[in-house]
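**Student:** The structure that follows is given in the form of structure tokens.
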Amino acid sequence: MSTDPAPKSDCIFCKVVAGEIPCFKIYEDDATLAFMDINPGNPGHCLVIPKNHAADAYSIDAEDFAAVARTCTKVAPAVRDVVSPDGINLVQANGEGAGQSVFHVHMHILPRRNDDNLLMNWGHKPGDMDEAKALGEKIAARIAE
Ligand code: AMP
Ligand code: ZN
């Protein structure tokens, strides 16, 4: 399956990149954007996406995937420092069978607690947006230090 990297009018993450849908942005560079997940598995859960549209790891440009990984190396330590989790999973789903619900590549940066009992497909429960905004600001400030 190949994917057109042009912004897709029906892709919510392309709309986030374009500023047409609001987000709690925590980091941005030429190739990537990081923002808070609106249905966090745990507080501090955020996403890193390529700005170029690609549906999945099968079709993404290798440089864009590398850029996502580079951004994760900035964001994940900041999430660790702000949230002090027991651990962090970096998770990226490909296909509905893997739990993918948004078909624009995204790496979850998912703080974990020893006793959170999260499954690999942790479900989407609306989060506390005040908490997400506050944590997003702290993580962004930590990255900028
Ligand atoms: P996945 O199920 O792995 O495709 O993950 C998609 C993620 O995107 C879910 O964790 C959703 O909560 C999250 N999500 C969907 N729409 C938005 C949005 N507008 N802003 C932030 N996160 C979103
Ligand atoms: Zn897209």
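The values are calculated or read from the model by the stated rules, or taken from the named source; none is laboratory data. Since we're looking at a predicted model, the values are computed, not measured. No Cβ is skipped: glycine too gets one built from the backbone with ideal geometry, and neighbour counts run over all protein chains shown.
**Student:** Can Pro40 be described as under 19 Å from Ala98 (Cα atoms), part of a loop (DSSP other than H, G, I, E, B) and under 16 Å from the mean Cα position of the chain (by Cα)?
**Tutor:** Yes.
**Student:** Working only within segment 21-42, note down all residues that are within 12 Å of ligand 2 (Cβ to nearest atom) and in contact (Cβ under 8 Å) with a residue 12 or more places away in the chain.
**Tutor:** Within segment 21-42, just Leu33 meets the criteria.
**Student:** Of all residues in segment 43-57, which are within 11 Å of ligand 2 (Cβ to nearest atom) and not in a loop (DSSP other than H, G, I, E, B)?
**Tutor:** Ile49, Pro50, listed by residue number.
**Student:** Would you say Ile139 is more than 25 Å from Asp10 (Cβ to Cβ), away from ligand 1 (no atom under 16 Å from the Cβ) and in contact (Cβ under 8 Å) with a residue 12 or more places away in the chain?
**Tutor:** No, not satisfied.
**Student:** To continue, here is another question. Is one or more of the residues making up segment 68-91 more than 14 Å from ligand 1 (Cβ to nearest atom), of a type in the set (D, E, K, R), closer than 19 Å to Val17 by Cβ and at pLDDT 95 or above?
**Tutor:** yes
**Student:** Let me ask something else. Does segment 75-119 hold any residues that are part of a helix (DSSP H, G or I) and under 22 Å from Tyr58 (Cβ atoms), and which are they?
**Tutor:** Those that are part of a helix (DSSP H, G or I) and under 22 Å from Tyr58 (Cβ atoms): Glu96, Gly97, Ala98.
**Student:** Checking Glu20 against (1) farther than 16 Å from Val102 by Cα; (2) within 14 Å of ligand 1 (Cβ to nearest atom); (3) surrounded by 15 or more Cβ atoms within 10 Å (Cβ to Cβ), which single condition isn't satisfied?
**Tutor:** (3) is the only condition that Glu20 fails.
**Student:** Determine whether Lys74 is of a type in the set (Lys, Arg) and closer than 21 Å to Cys11 by Cβ.
**Tutor:** Here the answer is no, as Lys74 does not meet what is asked.
**Student:** Search segment 1-20 for residues that are at pLDDT below 95 and pair each with any residue that is among the charged types (D, E, K, R) when their beta-carbon atoms are under 7 Å apart and the residues are at least 6 apart or on different chains.
**Tutor:** Correct list of pairs: Pro5/Asp61.
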